[in-house]
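First up is the structure itself, then whatever we jot down about it.
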Amino acid sequence: MIGLIRAEWLKLRSVRSNVILMISIAVLAVGLGALLAAVVPLDDPGPNGLPLSLDPLIRVQLVTAGFGLGLALLGVLGVQVIGQEYRFNTIRATFAATPRRGRVLAAKAVLLVVATLLIAAILVSLSVAIGGAILAGRGVGLDMSAPGTWRLLIGTWLLAPGYALAGFGVGMILRQPIGSIVAVLAWPMVIEQIVVGFLTDSVGRWMPYHAGGQVVEEHAREHMFGPWAGFAYFLGFALVLCLIGAVLVQRRDA
Amino acid sequence: MLEVRHLTKRFGAVLAVNDLSFDVREGRVTGFLGPNGSGKSTTMRIMLQLDRPQAGTATFSGRSYRELKHPLREVGALLDAGYVHPTRTASKHLRYLALSNSIPTRRVDEVLELVGLGEVADKRVGGFSLGMRQRLGLAGALLGDPGVLLFDEPVNGLDPEGILWVRTFMQRLAAEGRTVLVSSHLLSEMALTANDLVVIGRGQLIRQGSVDEFLNQTASGGWVEVRSPQAEVLAALVEGSGGRVTRGQGSFSASGVTAADVGELAAANGIVLHELSPKQVSLEEAFIEATRDAQQYTSAPLADGAS
Ligand SMILES: Nc1ncnc2c1ncn2[C@@H]1O[C@H](COP(=O)(O)OP(=O)(O)O)[C@@H](O)[C@H]1O
Ligand SMILES: [Mg+2]
């Protein structure tokens, strides 16, 4: 199994588009927070009616603002791990080398979880360090002891493998990367926004990405899951997608 | 030994492989021959369990492909040179395959040298010619030093030099005692490369045996063209000695007898010969004859009564 995971890691980093994607994720996730930390006015009232200088949690949300897009792009990485293999037919070389397909899929899943946890740990830390330094330079540093701060940071970190696994599941089901990428970007950012906006009190809470996102919300929102219940629901959703995908991959011709 | 038993594979309404059974022996090159669309590639994908058949099995010394712990060390396959990612380097393509089957990574450099790609090991595969990709595919097949090798139309798109190289290579692999199965739609190619033949048409087995047997059994084998002023007399004599005769104008063709038989008959009876030539059925003719009934797309025969 170690050999298979190492093989998957080599596959991931030996394809140029994956390297470009990972660099983009890093730049966007860290860069957006740093940019906002540098330009957002400190004394205008924020979403809670308080100016930034008096609202420590808003400042943490600000420096981690790039993770909205960053997490979605980790979903794309999850798609690529399997979608590219189908697109370029390397799936046949892969399954000829390891005919027990479940083992290949498990290796990919383990790699995704470990890699995204590592990437997110580094990027969240960098965002806090860089964004925090910029804010400190403007006279209002981050207050790590403010209530909710650690849930926000750890929640962001733990959402990373959830997004990647959901993308992996969609990639296995659809088998072709373009459609899968559109799906994992448009679903959370367009469809769920509309559904949650219009059907807040009925199906809104069951929208998986929104449910997962509750873990980084300051307050539990009406009609929505609580932070960790929502997170668990989202993770369950991602795992179900993976399970459906794995069954389909096993059954179909490679 | 590779045994195929009662394979059947349908793609929707298309019956690609139909109750196909055959054996592939070790130490020989076995040609897997059939017209385009006859189910060769499908059969080979099923052998590697890439495609799921509706029925039947393919086993390697009694074990199915997924029962092989490290399949690349027992079965090497080049099904399609296109199974590579264009932005990956040749060496990394082989390295991930090696990692997945616990093959030492120094073997990657060895096989790249072996197929003549040592120089471009760290170049992206996207820039390779078809011939180079074929060689990379071959390197992948040889990576685990397997005893069984499967090649699907390996000379397609190669220049004559490349074709000769692949042909010699396969014969060398068989001479080392390996089991080699190589598919083609050209009998002439197989006659030069293979020892044994498995001939299929429309997914069904037509014949299995040595190349020589195939050529001898197929159609009428050979015949003798005879021209003589006394053709009628000689034709009757040939028939009398057990030959079969098709008469023409001052000539006839005889089968079931050799040219020497006919010549001796003529001499013994004082008959003048103007022509006595032994004819062989060409390889392609033999092949077309054998697969005629199974051909999916035959060209329409010229209408007999048209003139
Ligand atoms: N993935 C597929 N989906 C649908 N039909 C297929 C597929 N693969 C092969 N076929 C059909 O099965 C038949 C056998 O094809 P193939 O095995 O490629 O033949 P060969 O390799 O002898 O040319 C053909 O009629 C082909 O169109
Ligand atoms: Mg074919």
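Here, each number is a calculation from the coordinates, and none is a lab measurement. All figures in this text were calculated on a predicted structure; none of them were measured in a lab. Positions of Cβ are backbone-derived with ideal geometry, glycine not excepted, and every protein chain shown enters the neighbour counts.
Think of the protein assembly as shown as having a plus end and a minus end, set by charges on the Cβ of Lys, Arg, Asp and Glu; of B:Val226, A:Pro47, B:Ala16, A:Pro47 sits farthest toward the positive end of this dipole.
Pair-distance distribution of the range A:102-201: all C-alpha pairs, bin width 10 Å, starting at 0; shares per bin in whole percent are 13, 29, 31, 21, 5, 0. The calculated FRET efficiency for A:Ala136 paired with A:Ser24, based on their beta-carbon distance and R0 = 22 Å, is about 0.20.
Across the protein assembly as shown, counting alpha-carbon atoms alone, Rg and Dmax equal 34.0, 127 Å.
Stretch A:Arg16-A:Val182 to full length: gain in nm at 0.36 nm per residue minus the Cα-Cα span?
Working: separation 166, 0.36 × 166 = 59.76 nm, distance 2.02 nm.
Difference between extended and current length: 57.7 nm.
What distance in nm separates the two pseudo spin-label positions at A:Ile191 and A:Met1, each 7 Å out from Cα along the beta-carbon direction? According to this spin-label approximation, the distance is 3.3 nm.
Loop-located GluC sites (Glu not before Pro) in the range A:156-244 (DSSP state not H, G, I, E or B) with no more than 12 neighbouring Cβ atoms inside 10 Å: A:Glu222. Label sites at A:Trp228 and B:Ala175, each approximated as a point 7 angstrom past Cα along Cα to Cβ, lie 7.1 nm apart.
Label zone of A:Arg87 (point 7 Å out along Cα→Cβ, amide N under 14 Å): in the range A:3-20 this covers A:12, A:15-20.
Please give the FRET efficiency for B:Thr59 paired with A:Leu118, using the beta carbon to beta carbon distance and R0 = 41 Å, rounded to the nearest 0.05.
Numbers: r = 43 Å, r/R0 = 1.04.
Efficiency computed from Cβ-Cβ geometry: 0.45.
Counting only other chain Cβ atoms within 10 Å of each residue's Cβ, the peptide B:79-90 averages 5.
Within 10 Å of each Cβ of A:97-105, how many other protein chain Cβ atoms are there on average?
Numbers: counts 15, 7, 10, 5, 3, 0, 1, 1, 0.
For this peptide, the per-residue mean of nearby foreign Cβ atoms is 5.
Take the alpha-carbon centre of the range A:94-153, take the same for the range B:78-133, and report the distance between them in whole Å. For the range A:94-153 versus the range B:78-133, the Cα centre distance is 33 Å.
Taking every full run of DSSP H in chain A, the ones that stretch at least 27 Å from end to end by Cα along their long axis and average 1.6 or higher on the Kyte-Doolittle scale are A:16-39, A:101-137, A:227-251.
Ordering A:Phe225, A:Leu71, A:Gly141 by the projection of their Cα atoms onto the charge dipole of the range A:2-251, which places +1 on the Cβ of Lys and Arg and -1 on the Cβ of Asp and Glu, puts A:Leu71 at the extreme positive end.
Summary of the geometry: the range A:33-84 and the range B:49-73, compared by the centres of their Cα atoms, lie 51 Å apart. Rounded to 0.05, the FRET efficiency of the B:Ser251 and B:Ser129 pair, given R0 = 41 Å and the Cβ-Cβ distance, is 0.20. Put a dot 7 Å past the Cα of B:Ala236, heading toward its Cβ, do the same for A:Leu243, and the two dots end up 9.0 nm apart. Cβ crowding within 10 Å, taken as a proxy for footprinting-reagent exposure, orders B:Lys279, A:Lys11, B:Lys40 from fewest neighbours to most as B:Lys279, B:Lys40, A:Lys11. Straight-line cross-link partners of B:Lys92 among the lysines, defined as a Cα under 27 Å from its Cα and at least 8 positions apart when in the same chain: A:Lys11, A:Lys108, B:Lys69, B:Lys123. Note on A:248-254: average number of Cβ atoms from other chains within 10 Å of each residue's Cβ is 3.
Mind checking the full-extension length gain between B:Thr258 and B:Glu119? Use 0.36 nm per residue of separation minus the Cα-Cα distance, one decimal, nm.
Stretched out fully, the B:Thr258 to B:Glu119 stretch lengthens by 44.5 nm.
Given the -39500 (n - 2.57) contribution per DSSP H run of 4+ residues, what per-residue ellipticity at 222 nm results for chain A, rounded to the nearest 500 deg cm²/dmol?
-24000 deg cm²/dmol
Calculated [222 nm] ellipticity per residue, helices only, for chain B: -9500 deg cm²/dmol; basis is -39500 (n - 2.57) per DSSP H run with n ≥ 4, divided by all residues, nearest 500.
Excluding A:Ser53 itself, what net charge comes from residues whose Cβ is under 13 Å from its Cβ, given Lys and Arg +1 and Asp and Glu -1? Kindly include the intermediate steps, with their values, before the conclusion.
Values: positive: A:Arg59, A:Arg138; negative: A:Asp43, A:Asp44, A:Asp55, A:Asp143.
In short, -2.
Given +1 at the Cβ of Lys and Arg, -1 at the Cβ of Asp and Glu and no other charges, the dipole of chain B around its Cα centre is 1520 debye to the nearest 20. In the range B:222-280, Rg over Rh equals 0.89, where Rg is the alpha-carbon radius of gyration and Rh the Kirkwood radius from pairwise Cα distances.
Between A:Gly131, A:Pro188, A:Ala115, whose Cα lies farthest towards the positive end of the dipole of the range A:105-208 when Lys and Arg beta carbons carry +1 and Asp and Glu beta carbons carry -1, centred on the Cα centre? Toward the positive end, the furthest listed residue is A:Ala115. Going from the fewest other Cβ atoms within 10 Å to the most, the residues B:Arg207, A:Arg251 appear in the order A:Arg251, B:Arg207.
Could you please report the charge total around A:Val195, scoring K, R as +1 and D, E as -1 over all other residues with beta-carbon less than 13 angstrom from its beta-carbon?
On the way: positive: A:Arg205; negative: A:Glu192, A:Asp201.
The answer is -1.
B:Glu232 sits among other residues whose Cβ lies under 15 Å from its own Cβ, and their net charge, with Lys and Arg +1 and Asp and Glu -1, is +1. Here's the list of lysines a cross-link from B:Lys9 could span, going by alpha-carbon distance under 19 Å and ignoring same-chain residues fewer than 8 apart: B:Lys40.
Normalised Debye scattering of chain B at q = 0.16 Å⁻¹ gives log10 I(q)/I(0) of -1.24, counting only Cα atoms as equal scatterers and leaving out solvent.
Counting only Cα atoms, the range A:2-251 measures 62, 41, 27 Å along its principal axes, largest extent leading.
Each part reduced to its alpha carbon centroid, the range A:173-213 and the range B:149-218 end up 54 Å apart.
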